[in-house]
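Worksheet: the structure to be examined is printed underneath.
The values are calculated or read from the model by the stated rules, or taken from the named source; none is laboratory data. The structure displayed is predicted, hence computed values, not measured ones. Positions of Cβ are backbone-derived with ideal geometry, glycine not excepted, and every protein chain shown enters the neighbour counts. Quick note on the areas: whole protein, heavy atoms, side chains included, nothing else; ligands and nucleic acids left out. Shrake-Rupley method; radii C 1.70, N 1.55, O 1.52, S 1.80 Å.
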Amino acid sequence: MSSLEPLQVEIERHFAAGAAAIEDSAAMGAFLALRAALEHGEVRAASPDAAAAAGWRVNAWVKQGILLGFRLGALEVYPGPSLSFVDKHTFPARRFSAADGVRIVPGGSAVRAGAFVARGVVCMPPMYINAGAYVDEGTMVDSHALVGSCAQIGKRVHLSAAAQIGGVLEPVNASPVVIEDDVLVGGNSGVYEGTIVRKGAVLAAGTILTRGTPVFDLVNDQTLRATAELPLIIPENAVVVPGSRAVSKGKGAEWGLSLYAPVIVKYRDDKTGQSTALEELLR
Ligand SMILES: CC(C)(COP(=O)(O)OP(=O)(O)OC[C@H]1O[C@@H](n2cnc3c(N)ncnc32)[C@H](O)[C@@H]1OP(=O)(O)O)[C@@H](O)C(=O)NCCC(=O)NCCS
């Protein structure tokens, strides 16, 4: 039995209790224990799992626990020097000290309670990391980037300016977005709906990926799509750029329309390495 199993049993019980959990002080205790474990990176909304078809296992009970926190939370004012904020008291903004080894540059950023941010992460303002998210060592979260609830971000990832990583809490068994180690997510990109971006891949600026977006791999002469069982998966080291494709039938063809189409133009090479190299001095 893992040391987390009693916590899992507690969370599942309080989640199943519905509104009755609000009256049960043990429910808040279980939620706060989960929140602390999330912030220490001891539990994750999804974990790498070689036995799972997509290589990642969703921990539905963790997502249930986060939802339990919303059920238990009462609205509270968070006063500031000139601004005020109102949110559930179970999810305040996290506070950091120098000992945490995380740099949060001043100016409009927040990391919500229940998010894990590893040592060496740099957060440029303004950016937001939501509850249940996991951001691993050496990652840069650039200005206007969003790490949505439960999203899993690997080591040395660059989430460029305005990159949007979608979040997912419901349904509880839905996979969160996963960005594996050493990925570059270019400026203004968006990755949503459980998409997995494998190690070392590069999303050029402006690339948008969702469950319904086919991706055209010119190198391997194939089209990548999500299936009923698997999310959209961008292969290791793929370089994806935003493209378009002609609509070939019906009114779309008659009107000369084209649709957005992300294209794998190549797999990472030395030139990509130079284009995406991170500046150590900025870390
Ligand atoms: C993808 C990227 C890293 C370039 O990678 P690269 O390996 O150097 O790519 P190359 O220049 O060799 O280009 C390979 C092919 O893709 C095309 N291509 C490259 N970038 C493209 C883009 N953004 N959009 C469309 N096509 C692109 C090139 O024209 C080339 O095709 P061709 O051989 O037919 O001309 C770069 O375009 C990019 O988007 N960088 C991220 C920028 C960014 O967001 N910075 C963060 C700021 S906070």
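Quick notes on this structure:
- Enumeration of residues in region 164-187 that are over 11 Å from the mean Cα position of the chain (by Cα) and small (Gly, Ala, Ser): ALA174, GLY186, GLY187
- Filter pass, ALA238 being of a type in the set (A, V, I, L, M, F, W, C), away from the ligand (no atom under 16 Å from the Cβ) and closer than 24 Å to ALA133 by Cβ: no
- Here PRO126 meets the list (1) in contact with a Lys or Arg (Cβ under 8 Å, 6 or more places away or on another chain); (2) open to solvent by 20 Å² or more (accessible area, probe 1.4 Å) almost entirely, failing just condition (1).
- Qualifying positions in region 204-235 - of a type outside the set (A, V, I, L, M, F, W, C), open to solvent by less than 40 Å² (accessible area, probe 1.4 Å) and under 20 Å from the mean Cα position of the chain (by Cα): GLY206, THR207, THR210, THR213, PRO231, PRO235
- Candidates GLY273, GLY243, filtered to the one that is without any contact (Cβ under 8 Å) to a residue 12 or more places away in the chain, under 26 Å from ILE196 (Cβ atoms) and within 16 Å of the ligand (Cβ to nearest atom): GLY273
- Any hit, region 251-263, residues being in a helix (DSSP H, G or I), more than 16 Å from the ligand (Cβ to nearest atom), of a type in the set (Gly, Ala, Ser) and surrounded by fewer than 16 Cβ atoms within 10 Å (Cβ to Cβ): yes
- Subset of region 142-187 [within 11 Å of the ligand (Cβ to nearest atom) and either open to solvent by less than 10 Å² (accessible area, probe 1.4 Å) or at pLDDT below 95 (or both)]: ALA145, LEU159, ALA163, VAL185, GLY186
- Looking only at region 77-104, residues that are assigned to a loop (DSSP other than H, G, I, E, B), surrounded by 13 or more Cβ atoms within 10 Å (Cβ to Cβ), without any contact (Cβ under 8 Å) to a residue 24 or more places away in the chain and not aromatic (Phe, Trp, Tyr) come to 4 in all.
- Residues being farther than 30 Å from PRO126 by Cβ and open to solvent by 40 Å² or more (accessible area, probe 1.4 Å) are represented in region 54-68 by at least one member.
- Among the residues of region 188-240, the one identified as touching a helix residue (DSSP H, G or I) at 6+ places or on another chain (Cβ under 7 Å) and touching a residue at least 60 places away in the same chain (Cβ under 8 Å) is VAL202.
- Looking only at residues of region 130-141 that are open to solvent by 10 Å² or more (accessible area, probe 1.4 Å) and in a strand (DSSP E or B), we find that the one that is farthest from the ligand (Cβ to nearest atom) is TYR134.
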